[in-house]
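What follows is a single structure, written as structure tokens, with notes after it.
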Amino acid sequence: MARSNAYPSKFLIAAGGMVYLFLYIPLAVVVLFSFNDSKLNAEWVGFTWKWYDKLFQNGDILHAAANSLIIAVISALLATILGTLAGLAIYRFRQKWLSALVLGPIAMPDILIGVSLLLMFILFNVTLGMTSIILAHVSFCIGFVALAVQSRLSGMDQSLVEAARDLGATPFQAFRLITLPLLKPGIIAGGMMAFTLSIDDFVITFFTAGVGSSTLPLEIYSMVKIAVTPEVNAVSTLLMLVTLVLITALSRISPTVLRN
Amino acid sequence: MPNRAERLSRILLSLPPGLYLLLLFAVPSLMMLFASFRFSGEYGGLAPWYYIEDGQFTLDLTLENWQRLFESDIYLGLLLKSLAYALATTLICVIMAYPLALMIARSKKRHRDLLLLLVILPFWSNFLVRIYAWMIIFSPQGALTAALNVVTSSLGLEPITLMFSGTAVIICLVYVHLPFMILPLYANLEKHDHRLLDAAQDLGANRFQCFWLITWPLSLPGIYAGAVLVFIPSLGIFAIPDLLGGTNGIMIGNVIKQQFVESRDWPFGSVLSLVLTAITLVLVLLAAKLGSPAGENNGKK
């Protein structure tokens, strides 16, 4: 009898292939219709760039895209600093309370984080806008950076630090010259993850955004609420392209982080 | 003094993120708990939680909001319906994720990373884009609805619409959360020792028995882990029912959003949010118990 258990059977390949189709057909439809010369996303009429042209003349979308970018860069920077500190603290001192605070926002459904922050911002008279969005994004991104840093730390050879100390390095020197350089890929991967999560976030932004601080996901939401138009397909396709580039970069830096 | 340096670094490392999350995660959660016992303000929001009359300080709190939850069966019904949707989503995710995860786990090592990346890729495209894709597919003018209605009319049945239904919501929930099931399941299946199956075959087990008696029980920790990652976010979602569900497909998340944004009844919105938080906490603790490493070491290479 052939030893087949180490290989996928024909049935598995067929079923798995169908699941891949389920994952990709909807996105392919979006991309395809972004080039379709018809206002309806129903049947193929002919090729056109006009939805992309329209997109780049749409001031609201461009403004929202700029907001998204600013928010994502600042949130990612702050979350990277705080998340790295948290990751180091949890790894070194095994602080359960910090671990719970860091993982809490990851475990909770987004809507709960969104509404509780909305409640607090209003009660504390924080004007809803870019600042409130950034404050909110940092709070749910810290955990992802901390996890990336922790996983890097646990894979690190601690004897290197001990060796440095034996050779006369101060704890700070050992950290700066040994730990930090080894940690760098984890920090960068965590930061990029924070950037992607921030630029992609819809739910928490929905509750913490104010007038004039619309982000790209919010803008897409209000567009599709009114009508399905190929302009949304065009912006979606561009977003996919950006994400693809980011993911490729991220997988180059740290292939394991994506899987956690 | 090493002890002092140690204490200093402990404070320097844990205080900034700890303080930040205390202020922007713990405090808002507690404020929401408090808000659930307050009266709602005249123009929405919250009424003051105390008043001072003749120099007398009086608390102005109530259990009304919590009573309202149980007064009519609308909200509990909606909660049950949301739980049912999330459960259906989780089960369909298990059925769809299993063959794919098993296929990847049994593929050649050098192909696995690429096959996994192909699973993750659509999941990194924007959440709203993925919902929007289904708005196109389910649209009444779309090819899918047309094709389905050719079938239904040839059978002499009423034409069907996919858009604005519970079915549309569940399909999209599955689409959005499927990678969360595939990844932990794969992580588990990848560790299985295929020689266990070889041995079972030698002892006369057929393919079904091999799967049901060996692979399936060993994969349960992976399924539990995936189930939490699918079930919890599915339960609280509001954008999918909002865009695909119409009036029939609304879930508890829609009502929470409505209380906070449209009707601005924050105390009651807080009650509903806290119920959702409680369910989430119970599920997370349950999963932590079920998925504990005790069951995970069997079948490792």
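For chain B, the longest principal axis of the alpha carbon atoms and the long axis of helix B:73-105 meet at an angle near 30°.
If you stretched the chain out fully between B:Asp193 and B:Gln67, how much longer would it get, using 0.36 nm times the residue separation minus the C-alpha to C-alpha distance?
Full extension of this stretch gives 39.9 nm more.
Could you calculate the FRET efficiency of B:Trp216 with A:Met18 from 1/(1 + (r/R0)^6), where r is the beta carbon distance between them and R0 is 25 Å, rounded to 0.05? Result of the calculation: an efficiency of 0.75. Near A:Ile61, once Lys and Arg are set to +1 and Asp and Glu to -1 for all other residues with Cβ below 10 Å from its Cβ, the sum equals -2. Taking each residue as 0.36 nm, the span from A:Arg165 to A:Val242 lengthens on full extension beyond its C-alpha to C-alpha distance by 23.3 nm. GNM remark for chain A: springs join alpha carbons under 10 Å apart, and the peak mean-square fluctuation among A:Ile134, A:Ile220, A:Ile122 falls on A:Ile122. For a straight C-alpha distance cut-off of 19 angstrom, the aspartates and glutamates reachable from B:Lys109 (same-chain residues fewer than eight places away being disregarded) are B:Glu190, B:Asp193.
Each Lys and Arg adds +1 at its Cβ and each Asp and Glu adds -1 at its Cβ; summed about the Cα centre, the protein assembly as shown shows a dipole of about 2200 debye. Normalised Debye scattering of the range B:123-262 at q = 0.10, 0.13, 0.20 Å⁻¹ gives log10 I(q)/I(0) of -0.54, -0.77, -1.08, counting only Cα atoms as equal scatterers and leaving out solvent.
Across the options A:Met108, A:Asn58, A:Tyr7, the greatest Cα extent toward the positive end of the charge dipole of the range A:1-129 (unit charges at beta carbon of Lys, Arg, Asp, Glu) belongs to A:Tyr7. If each Cα of chain B is one equal point scatterer, what is log10 of I(q)/I(0) from the Debye formula at q = 0.08, 0.09 Å⁻¹? Here the Debye-derived log intensity ratios amount to -0.55, -0.67. Selection among B:Val261, B:Trp124, B:His111 by position relative to the dipole of chain B gives B:His111 as farthest towards the positive end (Cβ unit charges, Cα centre).
Using the Cβ of B:Leu243 as centre and a radius below 15 Å, the other residues enclosed give a net charge of +1, where K and R count +1 and D and E count -1.
A Gaussian network model of chain A, with springs between Cα atoms under 10 Å, assigns the largest mean-square fluctuation among A:Glu231, A:Glu219, A:Glu43 to A:Glu43.
At an R0 of 45 angstrom, the distance between the Cβ atoms of A:Trp49 and B:Thr247 translates into a FRET efficiency of 0.70.
Membrane-span-like helices in chain A, defined here as complete DSSP H runs extending at least 30 Å along the helix axis by their C-alpha atoms with mean Kyte-Doolittle hydropathy no lower than 0.0, are A:10-33, A:59-93, A:130-154, A:230-253; this is a sequence and geometry rule, not a statement about a membrane.
Applying the Karplus relation 6.51 cos²θ - 1.76 cosθ + 1.60 with θ = phi - 60° to the range B:57-65 yields 3J(HN,Hα) values of 8, 10, 6, 10, 10, 8, 9, 3, 5 Hz, where x marks Gly and Pro. Highest mobility in the GNM of chain B, judged by mean-square fluctuation with C-alpha springs under 10 Å and restricted to B:Lys191, B:Lys108, B:Lys81, is found for B:Lys108.
Which of the aspartates and glutamates could a cross-linker bridge to A:Lys54, judged by Cα under 19 Å and excluding same-chain residues fewer than eight apart? Qualifying aspartates and glutamates at Cα under 19 Å: A:Asp37, A:Glu219, A:Glu231.
The Cα center of the range B:1-75 and the Cα center of the range B:199-259 differ in position by 33 Å. For n ≥ 4 DSSP H runs only, could you compute -39500 (n - 2.57) per run for chain B, divide by its residues and tell me the 222 nm figure to the nearest 500? Here the helix-only value at 222 nm equals -21500 deg cm²/dmol. Where the centre of each part is set by its Cα atoms, how far does the range A:218-249 sit from the range A:172-204, in angstrom? What the calculation gives is 26 Å, centre to centre. Expressed as a whole percent, the proportion of Cα-Cα pairs in the range A:53-130 lying more than 14 Å apart is 76%. Note on A:Phe124 and A:Leu182: their simple-model spin labels are 3.7 nm apart, each label 7 Å out from Cα toward Cβ.
Only Lys, Arg, Asp and Glu carry charge here, each on its Cβ (+1 for the first two, -1 for the last two); on that basis the range B:43-182 has a dipole of about 1440 debye about its Cα centre.
What full-extension length gain, to one decimal in nm, is calculated for B:Leu8 and B:Gln209 as 0.36 nm per residue of separation minus the Cα-Cα distance?
Values: separation 201, 0.36 × 201 = 72.36 nm, distance 5.95 nm.
Gain on stretching B:Leu8 to B:Gln209: 66.4 nm.
The distance linking the range A:106-159 with the range B:98-137 is 26 Å (Cα centroid to Cα centroid, whole angstrom). Taken over the range A:50-254, the alpha-carbon convex hull comes to 132 cubic angstrom per residue.
Across all C-alpha atoms in the protein assembly as shown, the radius of gyration and Dmax reach 25.5, 93 Å. With R₀ fixed at 30 Å, the C-beta to C-beta distance from A:Asp60 to B:Leu87 puts the FRET efficiency at about 0.15.
Counting Lys and Arg as +1 and Asp and Glu as -1, each charge on the Cβ, what is the dipole of chain B about the Cα centre in debye, to the nearest 20?
Dipole about the Cα centre, nearest 20: 1600 debye.
Using DSSP to call loops (not H, G, I, E or B), can you name the trypsin sites (Lys or Arg not before Pro) in the range B:212-292 whose Cβ has at most 16 other Cβ atoms within 10 angstrom? Let's see the in-between values first.
Numbers: sites: B:Lys257, B:Arg264, B:Lys289; in loops: B:Arg264.
For trypsin sites (Lys or Arg not before Pro) across the range B:212-292 that sit outside H, G, I, E and B with at most 16 neighbouring Cβ atoms in 10 Å, the list reads B:Arg264.
Rule-based calculations on the coordinates, nothing more; no lab input. Bear in mind that the values here come from a model prediction, so they are computed numbers and not experimental data. Note that we place each Cβ from the backbone using ideal geometry, even for glycine, and neighbour counts take in every protein chain shown.
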